[in-house]
1. How much of the accessible area of segment 332-413, probe 1.4 Å, is carbon plus sulfur, in whole percent?
2. Which pairs, out of Lys30/Lys169; Lys177/Lys400; Lys16/Lys257; Lys105/Lys300; Lys141/Lys400, put more than 30 Å between their alpha-carbon atoms?
3. For Arg348, list long-range residues whose amide hydrogen, built 1.01 Å from N in the peptide plane, is under 5 Å from its own amide hydrogen.
4. From the Cα gyration tensor of segment 255-300, with a ≥ b ≥ c the square roots of its eigenvalues, which class applies: rounded if a/c is under 1.5, or else prolate if a/b is larger than b/c, or else oblate?
5. Just to check I understand the Karplus step: with θ = phi - 60° and J = 6.51 cos²θ - 1.76 cosθ + 1.60, what whole-Hz values come out for segment 133-139, glycine and proline as x?
6. Name the shape class, rounded, prolate or oblate, that the alpha-carbon gyration tensor gives for segment 3-45, where a ≥ b ≥ c are the square roots of its eigenvalues, rounded holds for a/c under 1.5, and otherwise prolate holds if a/b is larger than b/c and oblate otherwise.
7. Report ³J(HN,Hα) in whole Hz for each residue of segment 309-321, in order, from the Karplus equation J = 6.51 cos²θ - 1.76 cosθ + 1.60 where θ = phi - 60°; Gly and Pro get x.
8. Considering only DSSP states other than H, G, I, E and B, which trypsin sites (Lys or Arg not before Pro) in segment 232-279 qualify as loop sites with at most 14 other Cβ atoms within 10 Å?
Amino acid sequence: MGILHEDVVIITPNQKQDEATVITINCPDKTGLGCDLCRIILFFGLSIVRGDVSTDGKWCFIVFWVVGKPSTQWSLLEKRLIEACPSCSSANTLIYYTAELQPPKPPDVFLLKFCGNDRQGLLHDVTHVLCELELIIQRVKVSTTPDGMVMDLFFITDARELLHTEARKTDTYHHLKAVVGDSMVSCDIEKVCPDITACSQGPPFLIPPAITEDTFNLEMLDQGQNGSGQSNRVSVMIDNSLSPVHTLVQIVCRDHKGLLYDIMRTLKDYNIQISYGRFTTKGNTDCEIDLFIVQADGKKIVDPSKQNALCSRIRMELFRPLRVALVNRGPDTELLVANPVELCGKGRPYVFYDITLALKMLNTDIFSAEISRHMIGGREWEVYRVLLDEGDGSSVPRSKIEEAVWRNLMGWE
């Protein structure tokens, strides 16, 4: 079956400032396609306020209503969404999509070594530039010397696959220089072995179990996250009576950044196919999601144990999509953030960006930072460790730091 290339993804700009931009996707279906599309939309800093998904198992039609920053590069977003659709080959002016998906080639990994004079917010400014350039941070090692110098090691991949060229490296250097100015002393980029970003077996040293525990307590639904008093109530119901061939999953919860992505990645990890779905926001905070789903074998979920497992997993992932905690490291304070990685190996976008932004807004300095991946309880986690610099004695209360980081990650400014 062939369709015109420009009809695969259609982006209709909003006509008024308070209206949403409409993204329409028409392509062959595959399990996890919704997750891949939502991850890309989240990477571009957009929020999905409404969504409709329909598929016959072979071909799908998806519509997202999104809002976000006015500086969004819509043409680049369109290109990334097309790339996420099942592989294709061209014939004349038509693009023919096939259901057979070839395993993607692992991206090249590069080491960006940034050396400069430390100042407040510097790490976030560098992170912001890398995100804007679509340089995806895989691992980080940041340290500060006693004389006020910083050495930041960013292990990155390039979504544009151009970082091997001198032009792309030079462009990255100039963008960093333009933002950080005289704070930058040097910046070097070199290709490294991809194994350096491999996942470690077991949790990092001294990480408390509460950060990565994979259990879910229903009583947590009645408590606010991090004592903020802002409860994130989640209701997940399963119904097999409304459709002879599909299981209906109904979700009601508070909206947060990446909500639809969190649902889609959970279903993708369970190898569950969405036949029809609708996502709507009620007011400014509440969301309602109806999903008609089937298992990998095309059948309903009738086993009560499987139903309970799926409901519990969705509730946990929506109530705690990320784990945030502050811990003591002797006289110092360390911020820990962890989030589960998809089975395909891809992590949640913009986590490090949101962490450094929250700390910059609190005027809290960063002494060192590290990102690494670890297998914990048979599941891969991305763990962010940020050692705070409290040398000036004017530290922000721990509860305020923890809440500010959490709210920024959840998009609850």
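The values are calculated or read from the model by the stated rules, or taken from the named source; none is laboratory data. Bear in mind the structure is a predicted one, so any value in this text is a computation, not a measurement. Note that we place each Cβ from the backbone using ideal geometry, even for glycine, and neighbour counts take in every protein chain shown. Calculation scope for accessible area: heavy atoms of the full protein, side chains included, ligands and nucleic acids excluded. Shrake-Rupley method; radii C 1.70, N 1.55, O 1.52, S 1.80 Å.
1. Within segment 332-413, the accessible surface is 49 percent carbon and sulfur.
2. Going by Cα-Cα distance, Lys30/Lys169; Lys177/Lys400; Lys105/Lys300 fall outside the 30 Å limit.
3. Sorted by chain and number, the residues that satisfy this come to none at all.
4. oblate
5. Working through the residues one at a time gives 8, 6, 9, 8, 7, 9, 9 Hz.
6. oblate
7. After applying 6.51 cos²θ - 1.76 cosθ + 1.60, I find 5, 5, 4, 5, 5, 4, 4, 5, 5, 8, 6, 9, x Hz.
8. For trypsin sites (Lys or Arg not before Pro) across segment 232-279 that sit outside H, G, I, E and B with at most 14 neighbouring Cβ atoms in 10 Å, the list reads Arg233.
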